[in-house]
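Report on one structure; see the data block that follows.
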Ligand code: GTP
Ligand code: SPV
Ligand code: MN
């Protein structure tokens, strides 16, 4: 399939290490995919779902201890610890390779090794990067065929001499004590062992498209971000694009596929991407352009309904893999927050009989669907544009019960970088560990930045200088709560009301209120028509309370203290301004 010597040499080396019985190249054909589906069903690795109701759909359960990304077992192995920075786990690369080689040694004996060449980005795009993942899991192969452009096309893309990210995955016995997700940025290499779950093993996604790509972007003058990309079409038919960075399970997929509220007639939202954006400055017009490097959605299932996210639901009706959801007796799927009421009888994610009186959840809170992006009814006509789409606004956001208002605008680029750098959010089930704890998560990249985060902030500031027509930067919070713990903002489709204000600000069409944290909407400039929401609630959503902010600033400073002299002066200046504004 290729004459690329770098590929062939590396492959021989890896074969000598993992010692597979067979090697199978993934060519990207439907025939090979169908044969692999059959094989996975025969071995029990996958379950065929009801093919009449869910054509081409399959089901997979992971091990009970292997249901989310494992941040404490994820490493950035740069030559020095300093390069990985205070927010990443680090090991000495040579020692780490030695340790991992022992785990990988003979790990595929008697088994098949699949070679998956894949492109992140569309074919021939100047943004694109190629990776090759070696894995012993058919589940990984079938997921990668949905999430990336995989097969011969990727080998054609690198040709005889091109470079690629070297990705090695072995499932082993999914031993959590020996689970490692390791990145060697300088070697353009990723090794993952003892997991078979999502972000730990679909190495094109978080490992390549964020951790390795953020490092490459830093070196090459572009950006890899944990951002959705969407287009908003107004009643005049004009489409404007925005990106938004929210932490895992904080609403990217939902926002990317938003359905406008009934009162906003003539508006449409087009999905370009739901999780990752690669951004470059276009020298021709001086704007920042974004592509979605992925080919599918690896979305959170629970909470997905025709009310919350109809477009996601429709995307999962064919050729989709469901992981750790609940299976009904008719071979269809169900999860908490589904349209249908709880099934009277079903099999839960742990493969146990489930009935509605059970206290346990039928689907794991981080259960997921892997669906082709092309299935999405609102996929943008530009989603595969090799040059990307021009970005008017960048949005940061997270889950904050009290502190952050519904929306505010940064005063300028550097202030916007500060707003991103001081982001915080309550933790979710997307990563192993406690849920609901506030943690600082700059740009939603804390678990995904492949180098020192102080350098990353600096890179953001430097990029700003290189963009003649900078996007405006905003912060949103859909998760503000009232005294009973209830969400104050309806969210979902109604978030378009906020996006609309954001675009009006970009166009200089509306004024704003200047506050210590930035510009807030004047109440009358938010289109709230048809919304059943009281004036008091809106006032609360738009309030900036000094006592919460003083506490938050203390948290920001404590976090920044970790960065020492790597914290850019521009960030320190913004911090001083914020403190002064609240004094
Ligand atoms: P990852 O795939 O982990 O990166 O997650 P994500 O950021 O794409 O999050 P997703 O859109 O899947 O949403 C996660 C959860 O947040 C779901 O349970 C949604 O129902 C909920 N959610 C999304 N948008 C809103 C909103 O506007 N308001 C409220 N209250 N909940 C929301
Ligand atoms: C996330 O956790 O941000 C995800 C899911 O998008 S995973 O691919 O597991 O990282
Ligand atoms: Mn994500």
(message) For segment 467-497, which positions are out of contact with any helix residue (DSSP H, G or I) (no Cβ under 7 Å at 6 or more places or on another chain), surrounded by 14 or more Cβ atoms within 10 Å (Cβ to Cβ) and either within 23 Å of residue 570 (Cα to Cα) or not assigned by TED's automatic domain parsing to the domain that holds residue 421 (or both)?
(response) 467, 471
(message) If I ask for residues that are more than 16 Å from ligand 1 (Cβ to nearest atom) and closer than 20 Å to residue 389 by Cβ, which ones from segment 236-268 would you list?
(response) 236, 237, 238, 239, 240, 241, 267, 268
(message) Pull out all pairs, ordered by first then second residue, where Cβ-Cβ is under 7 Å, the residues are six or more apart or on different chains, the first lies in segment 542-555 and is loosely packed, with under 13 Cβ neighbours inside 10 Å, and the second is at pLDDT 95 or above and part of a helix (DSSP H, G or I).
(response) 546/582; 550/582
(message) Name the single residue that is surrounded by the most Cβ atoms within 10 Å (Cβ to Cβ) among those in segment 123-150 being in contact with a helix residue (DSSP H, G or I) (Cβ under 8 Å, 6 or more places away or on another chain) and part of a loop (DSSP other than H, G, I, E, B).
(response) 148
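Any residue at all in segment 154-161 that is buried (at least 16 other Cβ atoms within 10 Å of the Cβ) and under 12 Å from residue 204 (Cβ atoms)?
yes
Yes/no per residue for (1) in contact with a strand residue (DSSP E or B) (Cβ under 8 Å, 6 or more places away or on another chain); (2) part of a loop (DSSP other than H, G, I, E, B); (3) away from ligand 3 (no atom under 15 Å from the Cβ):
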{"position": "173", "(1), (2), (3)": "no, yes, yes"}
{"position": "192", "(1), (2), (3)": "yes, no, yes"}
{"position": "200", "(1), (2), (3)": "yes, no, no"}
{"position": "210", "(1), (2), (3)": "yes, no, no"}
{"position": "218", "(1), (2), (3)": "no, no, yes"}
{"position": "224", "(1), (2), (3)": "yes, no, no"}
{"position": "241", "(1), (2), (3)": "yes, no, yes"}
(request) Look through 258, 279, 230 and report the one residue that is away from ligand 2 (no atom under 16 Å from the Cβ), part of a loop (DSSP other than H, G, I, E, B), in the same structural domain as residue 460 (by TED's automatic domain parsing) and under 27 Å from residue 427 (Cα atoms). (result) 258
(request) Please list, ordered by first then second residue, the pairs with beta carbon atoms under 7 Å, 6 or more apart or interchain, first in segment 295-311 and in a loop (DSSP other than H, G, I, E, B), second modelled with pLDDT of 95 or more and within 7 Å of ligand 1 (Cβ to nearest atom). (result) 302/337; 303/337; 304/337; 305/337
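Condition check ((1) closer than 18 Å to residue 374 by Cα; (2) at pLDDT below 95; (3) within 16 Å of ligand 3 (Cβ to nearest atom)) across all residues:
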| site | (1), (2), (3) |
| --- | --- |
| 230 | yes, no, yes |
| 236 | no, no, no |
| 244 | no, no, yes |
| 247 | no, no, yes |
| 254 | yes, no, yes |
| 260 | no, no, no |
| 265 | no, no, no |
| 268 | yes, no, no |
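The values are calculated or read from the model by the stated rules, or taken from the named source; none is laboratory data. As the structure is a computational prediction, the values presented were derived from the model and not from experiment. With ideal geometry, Cβ positions are generated from the backbone for all residues, glycine too; neighbour counts draw on all protein chains shown.
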